[in-house]
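Taking it in order: structure first as structure tokens, then the write-up.
Just so it is clear, none of the values below were taken in a lab; they were calculated from the coordinates. Predicted model, so just to flag it, every value in this text is computed and none were measured. Positions of Cβ are backbone-derived with ideal geometry, glycine not excepted, and every protein chain shown enters the neighbour counts.
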Ligand SMILES: [Zn+2]
């Protein structure tokens, strides 16, 4: 994915670190091959705490209450479960720590991810990171999955493994043209 989400996360996190403010960075563990780091296309990466789908964010952060955490960052937040998004809201409301989630709105079938759906419903603020369709100059709001031969895929697991080059950001018109889903 080339929307620059992870780059934005790393930049904002860096602003905190630079000012000696403590942060926590999480990434969902979606498979055994997951790597405990947030990395961007421009080559920067940092270590992150892996959270599988049973991980309780609220309990974890509450147990660290003695430390002085000023902000929490979540990469690939679309992969979180509904209850995990709600735990993050509880962190913001009860522990007064801001939580910044970075992620995609929809999957390669053009449907909400579970995490994104809950986030869009209960987040205080939404900030769109704009990127351009890989087929035209319109704003890309969706992603298509392509195989190694460049053919567009409309089946298979929603959590695909194997790296970022399997996905292309596209506008809605090109999503429809390429996938024929609607
Ligand atoms: Zn387009």
>> Report the gain in length on full extension from residue 31 to residue 124: 0.36 nm times residue separation, minus Cα-Cα distance, nm rounded to one decimal.
In response: 30.5 nm
> Under the rule of -39500 (n - 2.57) per DSSP H run of 4 or more residues, summed and divided by the residues of the chain, what mean residue ellipticity at 222 nm is obtained, to the nearest 500 deg cm²/dmol?
Replying inline: -8500 deg cm²/dmol
> Roughly how large, in nm² to one decimal, is the mean projection of the convex hull of the alpha-carbon atoms in the stretch 5-122?
Replying inline: 7.5 nm²
> If the viscosity is 0.692 mPa s and the temperature 37 °C, what translational diffusion coefficient in µm²/s does Stokes-Einstein give for the stretch 52-97 when Rh comes from Kirkwood over Cα pairs?
Replying inline: 299 µm²/s
>> Quick check: residue separation of residue 67 and residue 82 times 0.36 nm, minus the Cα distance between them. What number comes out in nm?
In response: 2.7 nm
> In nm, to one decimal, how far is the modelled label at residue 153 from the one at residue 50, with both set 7 Å along Cα→Cβ?
Replying inline: 2.1 nm
> Efficiency by 1/(1 + (r/R0)^6): what FRET value for residue 132 and residue 181, r their Cβ-Cβ distance, R0 = 22 Å, to the nearest 0.05?
Replying inline: 0.55
> Over the chain, what relative contact order in percent results from Cα pairs under 8 Å that are six or more residues apart?
Replying inline: 20 percent
>> Please arrange 18, 86, 114 by how many other C-beta atoms lie within 10 Å of their C-beta, fewest to most.
In response: 18, 86, 114
> Can you sort 119, 100, 88 by how many other beta carbons sit within 10 Å, fewest first?
Replying inline: 100, 119, 88
> Among 127, 14, which comes first, then next, by fewest other beta-carbon atoms within 10 Å?
Replying inline: 127, 14
> What is the diffusion coefficient of the stretch 49-182 in µm²/s, taking the Kirkwood radius over Cα pairs and the Stokes-Einstein relation at 25 °C with a viscosity of 0.890 mPa s?
Replying inline: 150 µm²/s
> Highest mean first, what order results for 76-82, 19-25 on Cβ atoms within 10 Å?
Replying inline: 76-82, 19-25
